1. How many nm separate the modelled label positions at Ile1 and Glu25, each set 7 Å beyond the Cα in the direction of the Cβ?
2. Beyond 16 Å, what percent of the Cα pairs of the stretch 14-57 remain?
3. What whole-number value in Å² describes the accessible area per residue of the chain for a 1.4 Å probe?
4. Considering the Cα trace of the chain, what is its radius of gyration and what is Dmax, both in angstroms?
5. With charges set only on the Cβ (+1 for Lys and Arg, -1 for Asp and Glu), what does the dipole of the chain come to about its Cα centre, in debye to the nearest 20?
6. Please check which bits of the stretch 136-151 a label hung off Leu164 would reach, taking the label as a point 7 Å along Cα-to-C-beta and the cut-off as backbone N under 17 Å.
7. Count of lysine pairs in the chain with Cα atoms under 29 Å apart, counting only pairs 8 or more residues apart in sequence or on different chains?
8. Tilt of helix 62-73 relative to the longest C-alpha principal axis of the chain, in degrees (0 to 90, nearest 10)?
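The values are calculated or read from the model by the stated rules, or taken from the named source; none is laboratory data. Here the structure is a predicted model, which means the values were calculated and not measured. Because the Cβ atoms are built from the backbone with ideal geometry, glycine has one as well, and the counts that use them run over all protein chains shown. Accessible surface is based on the protein model in full, side chains and every heavy atom, while ligands, DNA and RNA are left aside. Shrake-Rupley method; radii C 1.70, N 1.55, O 1.52, S 1.80 Å.
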Amino acid sequence: ILILQFRDLLYSLSASIGAGRHMSEALFCARTDLALLYEEGTPMLEELDRINWCIHASNENEEKLLYDLGKRSGVRDITAFAEIYYICLSTGGDLVRVVGITSQMLLDKLTIVQDIRSYTAQKRFEGKMIAVIPPFLLFFLTLTSPEYLLPLYIGTEGRILMTLALIL
């Protein structure tokens, strides 16, 4: 949830910085933007409240607060963004372009993760279906044609075969 909300935060920051705002102003505007998308009490809104309070009340710098958010959340993408932001500030990089590229890369990464989850869920469902089919076929054959399965239960070879099939 935090990663998805962080992606939306990056879009808002990109638009604000592109409009000429400083990062501290952009973070304040991002809080307003995200409040339109998410309910109060969501993780990113609470974090933005904390960051904005620290900027305005304690006069802390935003790069430390963003890095702290990344460390506390355990989300590598947030920490990487904070590091990139710090590098852009210290080297005079194009912050608008960096934020835009970062948000696009994050969106691509999230799309890939969702695709992987979708494919693995589909394969798990197929595995469950494959596990259900043999007992269903055995039950169906027992009901419709019991003489067809009779050799598997009477002879020694049939019992050994059925025991192995049960074990497998």
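1. With each label point 7 Å from Cα toward Cβ, the separation is 3.3 nm.
2. Taking all Cα-Cα pairs of the stretch 14-57, the fraction more than 16 Å apart is 35 percent.
3. Working: 11210 Å² over 168 residues.
Here the per-residue accessible area is 67 Å².
4. According to the Cα coordinates of the chain, Rg and Dmax are 28.5, 86 Å.
5. 540
6. Only 151 pass the distance filter.
7. Working: Lys64/Lys109; Lys71/Lys109; Lys109/Lys123; Lys109/Lys128.
Final tally of qualifying lysine pairs is 4.
8. So the inclination is approximately 20 degrees.
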